Amino acid sequence: MSSISDKLRSLGIEVGAENLPPPTRRKSSSLEAVLGGQALQTHQGETFVVEERRATGSLHGQASLEINARLHALADWAGEVHIGELSAQDFAFLDTETTGLSGGAGTYAFLIGVGRFETQDFHLAQFFLRDPSEEPAQLFALEEFLAPCQAIVTFNGKTFDLPLLKTRYIMQGWQAPFGNLAHLDLLQLARRLWRNRLPSRTLANLEAQILGTTRGQEDVPGWDIPRLYMQYLREGDPGPLKNVFYHNAMDVISLAALMNHMANMLEDPIGVGGEHGVDLIALAELFESIGRLDTATRLYIHGLDHEDVHAQRLPKHVLLRAIQRLALIYKRQENWENAIELWQQAARHNHLEAYLELAKCYEHRLSDYDEAIRWTQLAIELVEKPTLDFDAAGLNTYERRRWLDDLNHRLDRLQRKATHSS
């Protein structure tokens, strides 16, 4: 089977930088005319930059281009506690366009888009390699742009953008300027929040589904961007690059708007995330994972009482997981009345774990052996003759045998206890 790299090569797309044409000095005037940028002189030579400013608070779809929520929950999720004390001006939003997908030492970041909030504006700068020989100046300009910032925000940057840029700095014999910056990778958070509602969590799909904006016809698919840069290096025509710069600019601007939406969602989960029951449950799981059990409990309750549940629009596996998670919170709190009510609700969906929890609760907490026997027998029947909606009907032979051994052993013990207590 051919690899992705092989398929790209068959389309004429380079996947690394080994075959870059020899550096050729490009005249900045043509780039300036097409892109509106300018040459930028640095201590490492000259690079090319395109800059744009948008008013803070301006709309990007349905989201505003600002950071107006408290960030403590976002900081707890990221494991970067001091993020909660940062202001909007402390964040940089970064996205790269590269010469290939490999991400190795032969891959260049030919376009680095980075934005930050200033006093009244969102300042976007795109540092471009007119030819690879200008990389030292490009990286130096990026480092200067990042200097006022204390945190960096990316989308899949943990896996791709930052490791790639670190490699480029190392190739110059420099230390990357990210070491002391906190890092938020919004792709990871997007997966936590919307994995059960959105089949695709690409940034473009989040723009449409979450931010309520779509890109213009001038956008270009990401997989075609390396080819367009190679074409520019060969032919010197900057015309097709206009679409590449648009694509990169939208990525950076969407990052800032998406972070604002996410921060507001974590700050006011019911108000911002309450439209979809599945989102409330995802938020509940997130808050449970960072130890905020009171908030998690409240969100589980709202999620399980959402109209999506009553209209049977919530996926069954999401519903049962939410019931089980909330029941376990109540179990830890020894709130047996609420826990039993939830386990009984799950049992109506033939949830095997709920049968077992009810059997254990009636045996060990309430000493009601007859009821414990009843739930154990129901569990045995379910494993022996699974129903169509039995959530564990896919048990393999070994798992089924293990369940039956444990349940029959429990049943024997309960019957002896019931005999001795009568």
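Just so you know, all these numbers are worked out from the coordinates, no wet-lab data involved. Remember, it's a predicted structure, so these values are computed and weren't measured experimentally. Cβ coordinates were reconstructed from backbone atoms using ideal geometry, including for glycine residues, and neighbour counts include every protein chain displayed.
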Fill in: Residues with amide H under 5 Å from that of residue 121, placed H, sequence gap 5 or more
56
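Could you please rank 270, 210, 112, placing first whichever residue has the fewest other Cβ atoms within 10 Å of its Cβ?
Values: 270 14, 210 24, 112 27.
Taking fewest neighbouring Cβ atoms as first place, the list is 270, 210, 112.
Within a Cβ distance under 10 Å of residue 88, other residues only, what is the Lys/Arg minus Asp/Glu net charge? Please report the intermediate quantities before stating the final value.
Numbers: positive: 116; negative: 66, 90, 118.
With Lys, Arg at +1 and Asp, Glu at -1, the net is -2.
Rounded, prolate or oblate: pick one for the range 139-281, where a ≥ b ≥ c are the square roots of the eigenvalues of its C-alpha gyration tensor, a/c under 1.5 means rounded, and failing that, prolate if a/b is larger than b/c, else oblate. Please report the intermediate quantities before stating the final value.
Details: a/c = 2.44, a/b = 1.39, b/c = 1.76.
Verdict is oblate for the range 139-281.
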Item to complete: Please tell me the relative contact order of the range 269-421 in percent, rounded to the nearest whole number, where contacts are Cα pairs under 8 Å and at least six residues apart.
Response: 14 percent
Discussion item. Using a 7 Å offset from Cα along Cα-Cβ at residue 267, what residues in the range 39-73 end up with backbone N under 18 Å from the label point?
Written reply: 56-60, 62-73
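Going by average Cβ neighbours within 10 Å, how do the peptides 89-99, 155-165 rank, with the highest at the top?
Details: 89-99: 24.5, 155-165: 19.2.
The densest-packed peptide leads the list: 89-99, 155-165.
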Discussion item. Just want the answer: with Cβ charges of +1 for Lys and Arg and -1 for Asp and Glu, which residue in 310, 350, 411 is farthest toward the dipole's positive end in the range 269-421?
Written reply: 411
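For the chain, rounded, prolate or oblate, judged on the Cα gyration tensor with a ≥ b ≥ c (square roots of eigenvalues), a/c < 1.5 rounded, else prolate if a/b > b/c?
Details: a/c = 2.98, a/b = 2.30, b/c = 1.30.
Prolate, because a/c is 1.5 or more and a/b exceeds b/c.
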Discussion item. Output wanted: per-residue J couplings in Hz (rounded whole) for the range 41-58, from phi through Karplus 6.51 cos²θ - 1.76 cosθ + 1.60, θ = phi - 60°, x for Gly and Pro.
Written reply: 8, 10, 5, 10, x, 9, 10, 10, 9, 10, 10, 9, 10, 10, 5, 4, x, 5
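Which order do the peptides 132-139, 50-57 come out in when sorted by mean C-beta neighbours inside 10 angstrom, highest first? Don't skip to the answer; put the middle values down first.
Details: 132-139: 21.4, 50-57: 15.8.
My ranking of the peptides, most packed first, is 132-139, 50-57.
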Worksheet, complete the sentence: Least to most buried among 351, 420, 82, by other C-beta atoms within 10 Å and fewest first, runs 420, 82, 351
Practice prompt. Kindly write out, for the range 119-129 in residue order, the coupling ³J(HN,Hα) from the Karplus curve 6.51 cos²θ - 1.76 cosθ + 1.60 (θ = phi - 60°), rounded to whole Hz, with x marking Gly and Pro.
Written response: 4, 10, 10, 9, 9, 9, 10, 10, 9, 10, 8
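Take every Cα pair under 8 Å in the range 32-83 that's 6+ residues apart, average their separations, divide by the length, and report that relative contact order as a whole percent.
18 percent
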Discussion item. Could you derive backbone 3J(HN,Hα) for the range 110-117 from the dihedral phi with the Karplus parameters 6.51, -1.76 and 1.60 (θ = phi - 60°), listing whole Hz in sequence and x where the residue is Gly or Pro?
Written reply: 6, 9, 10, x, 8, x, 8, 7
Worksheet, complete the sentence: At R0 = 45 Å the Cβ-Cβ FRET efficiency linking residue 51 and residue 399, nearest 0.05, sits at 0.15
Worksheet item: R0 = 30 Å: FRET efficiency of residue 336 with residue 191, Cβ-based, nearest 0.05?
Response: 0.30
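Count the net charge of all other residues whose Cβ sits under 14 Å from the Cβ of residue 180, scoring Lys and Arg as +1 and Asp and Glu as -1.
Working: positive: 166; negative: 80, 90, 143.
Around residue 180, the charge tally is -2.
Give the relative contact order (percent, whole number) for the range 282-371; include only Cα pairs under 8 Å separated by 6+ residues. Mind showing how you got there, number by number?
Details: 67 pairs, mean separation 14.8, N = 90.
Relative contact order comes out at 16 percent.
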Discussion item. Skipping prolines and chain starts, which residues have an amide H placed within reach, meaning under 5 Å, of the one on residue 213, given they are 5 or more residues away or on another chain?
Written reply: 62, 208
Worksheet item: How far apart, in nm, are the 7 Å Cα→Cβ label points at residue 409 and residue 235?
Response: 7.2 nm
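May I ask you to compute the full-extension gain from residue 171 to residue 62, defined as 0.36 nm times their residue separation minus their alpha-carbon distance, rounded to one decimal in nm?
Values: separation 109, 0.36 × 109 = 39.24 nm, distance 4.14 nm.
Full extension of this stretch gives 35.1 nm more.
Can you give the FRET efficiency to the nearest 0.05 for residue 293 and residue 367, using r as the Cβ-Cβ distance and R₀ = 45 Å? Intermediate values should be presented prior to the final figure.
Working: r = 28 Å, r/R0 = 0.62.
After rounding, the FRET efficiency stands at 0.95.
Taking all pairs of different Cα atoms in the range 269-421, averaging 1/r and flipping that mean, what Kirkwood radius in angstroms comes out?
After inverting the pairwise mean of 1/r, the radius is 16.5 Å.
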Worksheet item: Counting other C-beta atoms within 10 Å, which of 81, 252 has the fewest, and how do the rest follow?
Response: 81, 252
Worksheet item: How do the peptides 288-298, 180-190 rank, highest first, by the average count of neighbouring beta carbon atoms within 10 Å per residue?
Response: 180-190, 288-298
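Pull out the extension gain between residue 360 and residue 348, defined as 0.36 nm times the separation in residues minus the alpha carbon to alpha carbon distance; nm, one decimal. Don't jump to the answer; show the numbers that get you there.
Details: separation 12, 0.36 × 12 = 4.32 nm, distance 1.75 nm.
Contour length minus the Cα-Cα distance gives 2.6 nm.
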Worksheet item: Treating the beta-carbon of each Lys and Arg as +1 and of each Asp and Glu as -1, no other charges, what is the dipole magnitude of the chain about its Cα centre, to the nearest 20 debye?
Response: 980 debye
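Find out how many positive minus negative residues lie around residue 149, taking Lys and Arg as positive, Asp and Glu as negative, among other residues whose Cβ is under 9 Å from that of residue 149. The partial results should precede the final answer.
Values: positive: 116; negative: 90.
Around residue 149, the charge tally is 0.
State which helices in the chain qualify, where a helix is a whole DSSP H run, it must extend 20 Å or more along its own axis by its Cα atoms, and its mean Kyte-Doolittle hydropathy must be at least -1.0.
Values: long enough: 241-267 (39 Å, 0.46); 316-332 (24 Å, 0.16); 369-384 (22 Å, -0.03); 397-421 (36 Å, -1.83).
Qualifying helices, which must be both long enough and hydrophobic enough, are 241-267, 316-332, 369-384.
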